[in-house]
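Worksheet: the structure to be examined is printed underneath.
Every read-out reported here was derived from the displayed coordinates using simple, explicitly stated rules and does not represent laboratory data. This one's a predicted model, so the numbers in the text were calculated from it and none came from an experiment. Positions of Cβ are generated from backbone atoms using ideal geometry, with glycine treated the same way; all protein chains shown enter the neighbour counts.
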Amino acid sequence: MTSPDALEAIAKEAADWRRQIHQQPELLFDLPKTAALVAEKLRAFGCDEVATGIAKSGVVGVIRGRLGAGRTVALRADMDALPMSEQTNLPYASKVPNMMHACGHDGHTAMMLATAKHLAATRDFAGTVVLIFQPAEEGGAGGRVMIEEGMLERFGIDEVYGMHNEPGRPVGSFATKPGPMMAAGDRFMITLNGRGGHAASPHETRDSVLACAHLVTAAQSIASRNTDPFDPVVVSLTHIAAGSPEALNVIPASVTLGGTIRTINPKTREDVEQRFRDIVANTARLFEVEAELDWRPGYPVTVNDPAMTQAAIAAASTVAGEANVDGNCAATMGAEDFSYMLEKRPGAIVWIGNGDSAGLHHPAYDFNDDAIIHGLRYWTTLVGQRLGSAA
């Protein structure tokens, strides 16, 4: 049994790693500094194997237990940041313009490094732990690329677990649920091409702006009138571009608009896509403009395996106490590319409380270092319970 003081010391050290990563955010698959730091730490900890260059910048560490053969359990952390400017004024704020760790992947990586240090030093389990440090979670499907490059088979992974911080949930608490945990997230871009002209003579144009306005309104009818209200669907139009503020007397010839659609049910996902396509085509026909739809399929629904979810709840309850674990939390309409791993192997993802912080993807967000010790205890307890030892 590892002493609490020893874990606290590792967690404190991990906070320094986290802040170092935070100052040098990197995007998608281009993570040379972050990946190098992770690989260096894993080798220094004494991992049995450290593999680099998976999905370009992904890193995998392997630690074998000293208690004999057993299952291979994988733990996953994401490493990439977001293309946005930080507004925290923290002493360790991002040093890279227009890049910041606004989703807490720096914290996820630090907690996993802390776990690696502890497990490599103790090895009080039977079987193997595979530590996955993944690139490109933020829109690049790095998890899918790692799978396509054979990671699951290469390391003989039997089960896989993930963790994500949740602002607003108290530090030291956890949440998860069996079944659908996070939504599928598809994106789209539309170009409406009409005939521009003078704003004083709209009858001589084919007004793409008017068509756009109707399209935005009609798209909202998908969730309000075409789907079961107990079957979650979100349609969000988030981008519109047309014309020029310097030429307000000109009806532009074209408009571009885009957004995202979130669903939980796979059949609903198919139906909503078709309904959206019909609305785009018919709205364009109604206003005599041409529509070009670029449909961009996104991450699938993140589905927790029921048995593995109970394992995650058991570990979290051991660490935090049952009162601080919500084992049937509401699903979120956010999307996660951990979903690809859960399609291939049984596992589960949990939320870990980040306290009263700004929300994810907000310029004032910062991962709460006080959560590191709780994440470390969760990971080590989960390994102990799944592979036959105590943390």
Spin-label proximity, residue 248 to the stretch 198-212 - amide N less than 18 Å from point 7 Å beyond Cα toward beta carbon:
198-202, 209-210
If you average the alpha carbon positions of the stretch 343-391 and of the stretch 177-251, how far apart do those two centres end up, in angstrom?
37
Between 0 and 90°, nearest 10: helix 372-386 axis offset from the chain longest Cα axis
70
Stretchable slack from residue 221 to residue 288, in nm (0.36 nm times residue separation minus alpha-carbon distance):
22.0 nm
Any chance you could run the full-extension gain for residue 307 through residue 9? It's 0.36 nm times the residue separation minus the Cα-Cα distance, nm to one decimal.
104.0 nm
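Assuming a strict under-16 Å limit between Cα atoms, what lysine pair count do you get for the chain once near-sequence pairs (fewer than 8 apart, same chain) are dropped?
Close lysine pairs found across the chain: 6.
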Simple label model, 7 Å out from Cα along Cβ direction - residue 328 to residue 240, nm
4.2
Fraction of antiparallel bridges per DSSP, the chain only, in percent to nearest 5:
70
Under-5 Å amide H pairs with residue 185, H placed in peptide plane, nonlocal only
298, 299
With Cα springs under 10 Å, the Gaussian network model of the chain assigns the largest mean-square fluctuation among 51, 184, 126 to 51
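For the ranges 244-254, 139-149, 267-277, what's the packing order if you count other beta-carbon atoms within 10 Å of each residue, average per peptide, and put the highest first? Let's see the in-between values first.
Values: 244-254: 12.5, 139-149: 20.3, 267-277: 16.5.
Descending mean neighbour count gives 139-149, 267-277, 244-254.
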Roughly how tilted is helix 32-45, in degrees to the nearest 10 and between 0 and 90, from the longest Cα axis of the chain?
20
Value of [θ]222 nm, deg cm²/dmol, for the chain, DSSP H segments ≥ 4, -39500 (n - 2.57) each, nearest 500:
-11000 deg cm²/dmol
If packing is taken as the average count of other Cβ atoms within 10 Å, what order do 375-388, 345-358, 192-205 fall into, highest mean first?
375-388, 345-358, 192-205
